[in-house]
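Peer 1: Please see the structure below; I have some questions.
The values are calculated or read from the model by the stated rules, or taken from the named source; none is laboratory data. Nothing here was measured: the structure is a model prediction, and the numbers come from that model. Positions of Cβ are generated from backbone atoms using ideal geometry, with glycine treated the same way; all protein chains shown enter the neighbour counts.
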Amino acid sequence: MLNLFGKIRKELLENSRVGKYLAYALGEIILVVVGILIALQVNNYNQHNIEKKKEKLYLKEFIEDIETDKEELLRVIKKTNRIMIYADSLLVYSRSKSIPFDDIDIVNLFLGSTGFTVYMAREATVNDIIGSGNLNLIRSSSIRSALASWITDMKYIREWEKIYKDKANRYELYLEQKLDFSRLRFNEPFIDASTLYALLQDLSLRNYLDNSSWHSDNLNDLYKERIAYLDRQLDSINKYLDR
């Protein structure tokens, strides 16, 4: 093709047909420019399709992470709620004049009122999108904003979990000073009725139990709010993908 154009130009110049040569040269330039523009357009179209496919892949992985997060939140709610129930039961016993003593039940209540758990959020996709600098691939401004603030939004829950963990650790240390858990290994009575009654009257124990119950309840409220937030994000992403 280039050889053909070159031959035509040569013939025009040799025949001193300058006007026609200039018109031809201009047409040739225009043809080259149009070719470049078409190539750029095709390239942009291909790049756009690549970015759309990558965005869709990211969002599908994000949906999987959110679904996993919801299951994890249900787990921690169940665990935290169980701790709250055990703590509340011991508080009720502490205010009762007659305690229905059963060594097995008491052991379960004390052990069940200890410990803590945390929400292990799945953040692989969020970290991948932000860490790779691909946040702008997400064209939806609302979804992009949610991704950008995903880690920050967890800060309040993490602060409450830290407080809860610190108090749970102090409660366990308190029980270790008051109860001989080694008795359980040797199938010996865990505690006698009079010692139990005295322990339940201890103001420190009551405050530990009350704090445990209160923090468990507040954490569960935060976890439930998080589930509601995740549901809204799922709805938003699915609607965006179904457009």
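Peer 1: Tell me, yes or no, whether the stretch 85-96 has at least one residue that is more than 28 Å from Asp221 (Cα to Cα) and either small (Gly, Ala, Ser) or out of contact with any His (no Cβ under 9 Å at 6 or more places or on another chain) (or both). Don't jump to the end; show me each part of the working.
Peer 2: Let us first name the residues in the stretch 85-96 that are more than 28 Å from Asp221 (Cα to Cα), namely 96.
Of the ones still in play, those that are also either small (Gly, Ala, Ser) or out of contact with any His (no Cβ under 9 Å at 6 or more places or on another chain) (or both) are 96.
Checking the stretch 85-96: at least one residue is more than 28 Å from Asp221 (Cα to Cα) and either small (Gly, Ala, Ser) or out of contact with any His (no Cβ under 9 Å at 6 or more places or on another chain) (or both).
Peer 1: Right, Lys155: modelled with pLDDT of 90 or more and loosely packed, with under 13 Cβ neighbours inside 10 Å or not? Break it down stepwise before answering.
Peer 2: On the way: modelled with pLDDT of 90 or more: yes; loosely packed, with under 13 Cβ neighbours inside 10 Å: yes.
It is true that Lys155 is modelled with pLDDT of 90 or more and loosely packed, with under 13 Cβ neighbours inside 10 Å.
Residue-by-condition table, conditions (1) β-branched (Val, Ile, Thr); (2) loosely packed, with under 10 Cβ neighbours inside 10 Å; (3) modelled with pLDDT under 90:
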residue	(1), (2), (3)
Leu4	no, yes, yes
Leu12	no, no, yes
His48	no, no, yes
Asp65	no, no, no
Leu73	no, no, no
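Peer 1: Return the only residue of Leu205, Leu234, Leu199, Leu209 being in a helix (DSSP H, G or I) and within 30 Å of Ser142 (Cα to Cα). Give the derivation first.
Peer 2: Working: Leu205 fails: within 30 Å of Ser142 (Cα to Cα); Leu199 fails: within 30 Å of Ser142 (Cα to Cα); Leu209 fails: within 30 Å of Ser142 (Cα to Cα).
Criteria check complete, one pass: Leu234.
Peer 1: Considering each of Ile163, Ile130 in turn, give the residue that is without any contact (Cβ under 8 Å) to a residue 24 or more places away in the chain and of a type in the set (A, V, I, L, M). Steps first, answer last, please.
Peer 2: Details: Ile163 fails: without any contact (Cβ under 8 Å) to a residue 24 or more places away in the chain.
Every option except Ile130 fails the conditions.
Every residue, every condition in (1) among the aliphatic types (A, V, I, L, M); (2) in a helix (DSSP H, G or I), yes or no:
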position	(1), (2)
Tyr164	no, yes
Leu175	yes, yes
Leu184	yes, yes
Glu188	no, no
Ile191	yes, no
Thr195	no, yes
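Peer 1: Of all residues in the stretch 122-136 being among the aliphatic types (A, V, I, L, M) and buried (at least 19 other Cβ atoms within 10 Å of the Cβ), which is nearest to Leu230 (Cα to Cα)?
Peer 2: Residues of the stretch 122-136 among the aliphatic types (A, V, I, L, M): 124, 126, 129-130, 135.
Now drop any that are not buried (at least 19 other Cβ atoms within 10 Å of the Cβ), which leaves 126, 129.
On the way: Val126: 14, Ile129: 18 Å.
My answer is Val126.
Peer 1: Which of the following residues is buried (at least 17 other Cβ atoms within 10 Å of the Cβ) and either among the charged types (D, E, K, R) or in contact with a Phe, Trp or Tyr (Cβ under 7 Å, 6 or more places away or on another chain) (or both): Leu200, Leu184?
Peer 2: Numbers: Leu184 fails: buried (at least 17 other Cβ atoms within 10 Å of the Cβ).
Going through Leu200, Leu184 in turn, the sole match is Leu200.
Peer 1: A further question on this structure: So the check is Cβ under 7 Å with 6+ separation or different chains; which pairs have a first residue in the stretch 173-188 that's under 12 Å from Leu111 (Cβ atoms) and a second one that's assigned to a loop (DSSP other than H, G, I, E, B) and modelled with pLDDT of 85 or more?
Peer 2: Between residues of the stretch 173-188 that are under 12 Å from Leu111 (Cβ atoms) and residues that are assigned to a loop (DSSP other than H, G, I, E, B) and modelled with pLDDT of 85 or more, the close pairs are Leu175/Thr114.
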